1. Can you check what the net charge comes to around ALA597, using other residues whose Cβ is under 11 Å from the Cβ of ALA597 (Lys, Arg +1; Asp, Glu -1)?
2. Percent of accessible area on segment 63-131 owned by carbon and sulfur, 1.4 Å probe?
3. Can you put SER235, SER270, SER93 in order of accessible area, largest first, using a 1.4 Å probe?
4. Describe numerically, in nm with one decimal, the distance between label points set 7 Å from Cα along Cα→Cβ at ARG11 and at GLU116.
5. What list of ³J(HN,Hα) couplings, whole Hz, do you get for segment 318-326 from phi and the Karplus terms 6.51, -1.76, 1.60, once you set θ to phi - 60° and write x for glycine and proline?
6. Once you list every other residue whose beta carbon is under 11 Å from the beta carbon of ASP636, what net charge do they have if Lys and Arg are +1 and Asp and Glu are -1?
7. Name the residues whose placed amide hydrogens come within less than 5 Å of the amide hydrogen of TYR456, ignoring near sequence neighbours (fewer than 5 apart) on the same chain.
8. Would you mind calculating the gained length between LYS42 and THR639 on full extension (0.36 nm times residue separation, minus the Cα-Cα distance), in nm to one decimal?
Amino acid sequence: MGAIAGVINWRSDSGGTGISQLETNLARITTQMGKIGAGDRKTWSDGPAALSFQPTAPDSIEAGSLAHDSEARLTIVGDVRLDNREELCDQLSVPADRRASISDAALILLAYRKWEFECPDHLLGDFAFAIWDESNRRLFAARDLAGVRPFYYHVDDRQFVFASDLPAVSAAEGVPWELRDGYSTARGGERDPAPTAFATIRRLPQHHAMVVTEDGIRTFAWWSPERVPEVRHQSDADYVEALRGLLHQAVACRLPESGRVAAHLSGGISSSSVATIASQLAHQGGQDLSFLHALPRDATPLVPKDERRLVKAIINQEGRTCHDAPSMTPFTAAWTRIRHIGDRQPGIQLREPLTRRTATEHGAHILLTGLGGSGLATYPGSHDQHLYEGSPLRWLSFFREYALLHNRPIVGAIVSKSHLGRIPRKLRKFCRGQFRNPSKGRLQQEGSIWREDSLYRPDTDGSQMSLWNQFITRPTNSVREVHIRRLCGADLVSALEGWTINGWSEQVQYRHPMLDRRLIEFVMGIPGSLLCHHGHMCWLVREAMKDILPNAWGPFAKPALQQDRTRLNAEFDRDVARPLFTELLSEDWNWQCIDPAGVQRVMDSNKNSGSWWGGPVSALRIEMFLNRDLERSVLDRLTEWEARGTVEFSVLRRASA
């Protein structure tokens, strides 16, 4: 695994200054990437193009890197893991004696020679690559279907710069360090995945490719959900059997032939399925596999329908070791929540840094996750379909499971998930509190439930609430629409980039079987009603895993996680957020975007609340980006407070430095 980068400087052909600028820019980019690397980088340059590959693991987990075809005058740099090598070798007529040694990157070069711009559609796996086509003086780049491997770029009238790491792109000469208008209000649910936090840096969207020439760039989708064919079988049992086979296939191709592997095991249907299948395949193949849990399993007493009961049953059934990540302190949470936007963007789940570190402490550098399953293969289904099918008992059964999963009364589940989503906006103002807007209600109120734009100065982009309103998720009855929004929006790809980039700091590679292309296309092609069938959430996956999991999976409550979250939020409020904002607001800072009076109002109206700080912390991160003196002051304070009684924060801080 590794990070890729490159520069295309169209003026470098003239020699002199152009070549010097090309070499300088590549050096600046690779120096930035070297901060996350774990080995000697490889570089190549010729004419207007320069490419670089920076390993992010001490030993090569996979055959990405640079490859050159002198006959075709093609050069590729790629972060690649292919699942269909044998099929590609057959299609590309690779001799039998070369198949074991040819790299994934070299295979893609052969695919490009045969299919050109259509080559990504023939690839299965996780990839981000760029091919310099010297004969045609163009660069061709592509990303995998879900966007597991990152690809950022900047383009102007002089150069095209790309890299796996956003700060590496921003390190290039001539790339402005400016925040994008509207970024502070568009924190979630964005439909366009291309924009980043920076005004002049964009991402190549998932399942997209681009062609870069001196005349400009052209971006196009090489895969589209509209082209996914329907999948129809004769019986429910046939669908179940087909899904079971695809789940095994998705996990099997992500297990390495050697080395230690860890699998997330939370007790949810996605991670439980991946971990159990991986364990059984590892028993057959002799791989060394262990489980990971995000917090100590004995943190709180067990309750009925506790997800830890399933975790324990899986551990006992498989005979595997399960390593628990330590509990978070307010300061470990601080480093995840309060940080420079460009340091280790985008974000990652709060507890994942400690979980990842637990894996590496036990020698595992490949982590299997269930990420992506909840919006696709394990999408719980829609309550509406049971009403429209004339099945009120199934409708109630669905809400019983939903209420248990979210630890709330069934009446509250029905109100929050169905009816309030249909209340006209004009009538919501007569509802109480967060019910005025069920999707983003906390952002619409004053007082204890405040408007987020009140935290920002009126002359900054924080007041542009219209940007937020257009991203509010509207209720939908179509499972396919949910799948398309999940695959084509910004939320999933941002999360995947966060997992990948943050994993580099611990020399870890994440692999996500639930995002296997064959599995995704199967789930999108079958009737949506199968995912929520007979009044049961995740019915199809539950049936497919019935004889694999130790007992029939059902929605499990998460008391340990919920109680730990409550504890952590209260401690973060007491030890970090409130004292930090109290000190900062009492000092004479030249605030660039924050309205100090607005933040003070939020603090004053939430004196007895431990979760008021979400909006102010988001605003502070943006302020730290715009004000480097403030950034240093905040981090120095956290370092000083950390020294009084915790060590985990310093470990995470050093890893992200």
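1. That sum, taken over residues with Cβ under 11 Å, equals 0.
2. Carbon and sulfur atoms account for 44 percent of the accessible area of segment 63-131.
3. Per-residue accessible area, sorted high to low, gives SER93, SER235, SER270.
4. My value for the distance between the label points is 3.1 nm.
5. So the J values, rounded to whole Hz, are 8, x, 9, 7, 10, 9, 8, 6, x.
6. -2
7. ASP595
8. 211.3 nm
The values are calculated or read from the model by the stated rules, or taken from the named source; none is laboratory data. This structure is a prediction, so every number in the text was calculated from the model and none was measured. Glycine also receives a Cβ, built like all others from the backbone with ideal geometry; neighbour counts cover every protein chain displayed. Remember, those area values only see protein heavy atoms, side chains included, never the ligands or the DNA or RNA. Shrake-Rupley method; radii C 1.70, N 1.55, O 1.52, S 1.80 Å.
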